[in-house]
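Undergrad: Supplied in structure tokens, the structure appears directly below.
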Amino acid sequence: MMPAVLTGADLASVFGHFLVLSLLAVGGAIAVAPEMQRWLVVDRAWLSDEQFTSSVALAQAAPGPNLLYVAVVGWNLAGVPGVLATMAGILIPSTTLTIAVARLAREHRETRAVRSFVAGLAPLTCALLFATGYVLAEPYVRDPEHRIGALALVGLSVGVMMKTRASPLWLIALGAVLGAIGWA
């Protein structure tokens, strides 16, 4: 499917929305995937649910940072201008904030405020990652043909990640194999 034809105002809106999402991306850009999906698929209908999910899956399967899915979403949204709008929007605020906070935290790492802030981010990050998993799995769980395989794969993945130190790459490979043969 060809990328949508968005106006300059639409691209500015994408850039602005991704600027805000960048500041919420505690735990990485994947943590805000549910909000991206809601805004791009449900509210704006610029992408289909399948395009969004495929963008995330493709980028996660490729070597490199998980941030790559933002570029793939941008590409599916509007080609090169979409990539520029999404990537600039997601990178500028978080990068600037990270540099500033890292400098302050390094200078004040032993203060109660810094230690509390760091400890408080853990549950927020877990909740955002859980929401991302839900958004990505939900279309497959809804589909009767894939429901049992998808739920089994989610359960297995959660169990393996909680009980072992196995690389998540093995679970991604398992999911790819099961998906290729039509079981999940």
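The values are calculated or read from the model by the stated rules, or taken from the named source; none is laboratory data. Treat the numbers as computed from the prediction; the structure is a model and nothing was measured. Cβ sites come from the backbone with ideal geometry, for glycine too, and all protein chains shown count toward neighbours.
Undergrad: Would you say ASN76 is in contact (Cβ under 8 Å) with a residue 60 or more places away in the chain and either surrounded by 15 or more Cβ atoms within 10 Å (Cβ to Cβ) or among the small types (Gly, Ala, Ser) (or both)?
TA: yes
Undergrad: Within the set of pairs 6 or more residues apart or between chains, which connect a residue that is farther than 15 Å from VAL83 by Cβ inside region 1-13 to a residue that is modelled with pLDDT of 90 or more and basic (Lys, Arg) with Cβ atoms less than 9 Å apart?
TA: Between residues of region 1-13 that are farther than 15 Å from VAL83 by Cβ and residues that are modelled with pLDDT of 90 or more and basic (Lys, Arg), the close pairs are SER13/ARG44.
Undergrad: How about region 132-156: which of its residues are of a type in the set (Gly, Ala, Ser) and either at pLDDT below 80 or exposed (fewer than 15 other Cβ atoms within 10 Å of the Cβ) (or both)?
TA: ALA152, GLY155
Undergrad: Scanning for something touching a helix residue (DSSP H, G or I) at 6+ places or on another chain (Cβ under 7 Å), in a helix (DSSP H, G or I) and over 17 Å from LEU24 (Cα atoms), does region 115-130 turn up at least one residue?
TA: No, region 115-130 has no match at all.
Undergrad: If the requirement is being in contact with an Asp or Glu (Cβ under 8 Å, 6 or more places away or on another chain), part of a helix (DSSP H, G or I) and either surrounded by 16 or more Cβ atoms within 10 Å (Cβ to Cβ) or not small (Gly, Ala, Ser) (or both), which of these qualifies: VAL101, VAL83, VAL41?
TA: Going through VAL101, VAL83, VAL41 in turn, just one is in contact with an Asp or Glu (Cβ under 8 Å, 6 or more places away or on another chain), part of a helix (DSSP H, G or I) and either surrounded by 16 or more Cβ atoms within 10 Å (Cβ to Cβ) or not small (Gly, Ala, Ser) (or both): VAL41.
Undergrad: Quick one: count up the residues across region 142-184 that are farther than 19 Å from ASN66 by Cα and either of a type in the set (Lys, Arg) or in a loop (DSSP other than H, G, I, E, B) (or both).
TA: Summing the residues that are farther than 19 Å from ASN66 by Cα and either of a type in the set (Lys, Arg) or in a loop (DSSP other than H, G, I, E, B) (or both) in region 142-184 gives 13.
Undergrad: Let me ask you something else. Criterion first (small (Gly, Ala, Ser), over 30 Å from ALA180 (Cα atoms) and free of Cβ contacts under 8 Å to residues at least 40 places away in the same chain) does ALA113 satisfy it?
TA: Considered against the rule, which asks whether it is small (Gly, Ala, Ser), over 30 Å from ALA180 (Cα atoms) and free of Cβ contacts under 8 Å to residues at least 40 places away in the same chain, ALA113 comes out as yes.
Undergrad: Quick check on my filter: what residues within region 151-184 are closer than 18 Å to ALA131 by Cα and in contact with a Pro (Cβ under 9 Å, 6 or more places away or on another chain)?
TA: SER157, MET161
Undergrad: Which one of these does VAL20 not meet: (1) closer than 17 Å to ALA78 by Cα; (2) in a helix (DSSP H, G or I)?
TA: (1)
Undergrad: For ALA119, state whether it is small (Gly, Ala, Ser) and over 26 Å from the mean Cα position of the chain (by Cα).
TA: So ALA119 does not fit the description; no.
Undergrad: Next up: If you check PRO65, PRO93, PRO34, which single one turns out to be surrounded by fewer than 20 Cβ atoms within 10 Å (Cβ to Cβ), assigned to a loop (DSSP other than H, G, I, E, B) and out of contact with any strand residue (DSSP E or B) (no Cβ under 6 Å at 6 or more places or on another chain)?
TA: PRO65
Undergrad: Please go through (1) in contact with a helix residue (DSSP H, G or I) (Cβ under 6 Å, 6 or more places away or on another chain); (2) part of a helix (DSSP H, G or I) for LEU6 and return the number of the only condition it doesn't satisfy.
TA: (2)
Undergrad: Let me ask something additional. Just to be sure I understand the filter: pairs with C-beta atoms under 8 Å, separated by 6 or more residues or on different chains, first member in region 26-42 and closer than 15 Å to LEU68 by Cβ, second member among the polar types (S, T, N, Q) and not in a helix (DSSP H, G or I). Which pairs pass?
TA: Qualifying pairs under 8 Å: GLY28/ASN66; ALA29/ASN66; ILE30/ASN66.
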